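Inspection log for the structure reproduced underneath, given as structure tokens.
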Amino acid sequence: MKQSRTKSAKNNSFRKLLEKYLDIKGLDIVVILNDGREVELYKNREIIDDIIYAIDKSNRTQQIPIKDVKSVDMFAA
């Protein structure tokens, strides 16, 4: 039981930290997914529930579940 609480707390803190970074519009963010794909998040991005919503260069909405994110790279623009 304790292990699930720890994992839940870790997921929640990751989500909160990711929300802070997504709010910084001058920050370029690339998420690396569990399957190895890299997705660049452009300036129009937000988290709703546990899904990252981002508009790509083709003006399409991308939906990325937070549970699929392995790591995040950030670069100052």
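Quick grid of which residues meet (1) farther than 14 Å from V69 by Cα; (2) out of contact with any strand residue (DSSP E or B) (no Cβ under 7 Å at 6 or more places or on another chain):
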| site | (1), (2) |
| --- | --- |
| E19 | no, no |
| V30 | no, no |
| R37 | no, yes |
| L41 | no, no |
| N44 | yes, no |
| D49 | yes, yes |
| I55 | yes, no |
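Does L17 fit the bill of being open to solvent by less than 40 Å² (accessible area, probe 1.4 Å) and free of Cβ contacts under 8 Å to residues at least 24 places away in the same chain?
Spelling it out, it is not the case that L17 is open to solvent by less than 40 Å² (accessible area, probe 1.4 Å) and free of Cβ contacts under 8 Å to residues at least 24 places away in the same chain.
Quick check on the stretch 28-72: of everything there that is part of a strand (DSSP E or B) and among the polar types (S, T, N, Q), which residue is farthest from the chain's Cα centre (by Cα)? Don't jump to the end; show me each part of the working.
Of the stretch 28-72, the ones part of a strand (DSSP E or B) are 28-33, 38-41, 45-48, 51-55, 61-65, 69-72.
When the remaining residues are screened for being among the polar types (S, T, N, Q), the result is 61-63, 71.
Values: T61: 14, Q62: 11, Q63: 10, S71: 8 Å.
Ranking the qualifying residues of the stretch 28-72, first place goes to T61.
Scanning for something farther than 23 Å from S8 by Cα, touching a strand residue (DSSP E or B) at 6+ places or on another chain (Cβ under 7 Å) and free of Cβ contacts under 8 Å to residues at least 12 places away in the same chain, does the stretch 60-77 turn up at least one residue?
Yes, some residue in the stretch 60-77 is farther than 23 Å from S8 by Cα, touching a strand residue (DSSP E or B) at 6+ places or on another chain (Cβ under 7 Å) and free of Cβ contacts under 8 Å to residues at least 12 places away in the same chain.
The values are calculated or read from the model by the stated rules, or taken from the named source; none is laboratory data. Only a predicted model underlies this, so the values are computations on that prediction, with no experimental measurement involved. Every residue, glycine among them, receives a Cβ derived from its backbone with ideal geometry; neighbour counts consider all protein chains shown. Side chains are part of the model used for accessible areas, which takes the heavy atoms of the whole protein and leaves out ligands, DNA and RNA. Shrake-Rupley method; radii C 1.70, N 1.55, O 1.52, S 1.80 Å.
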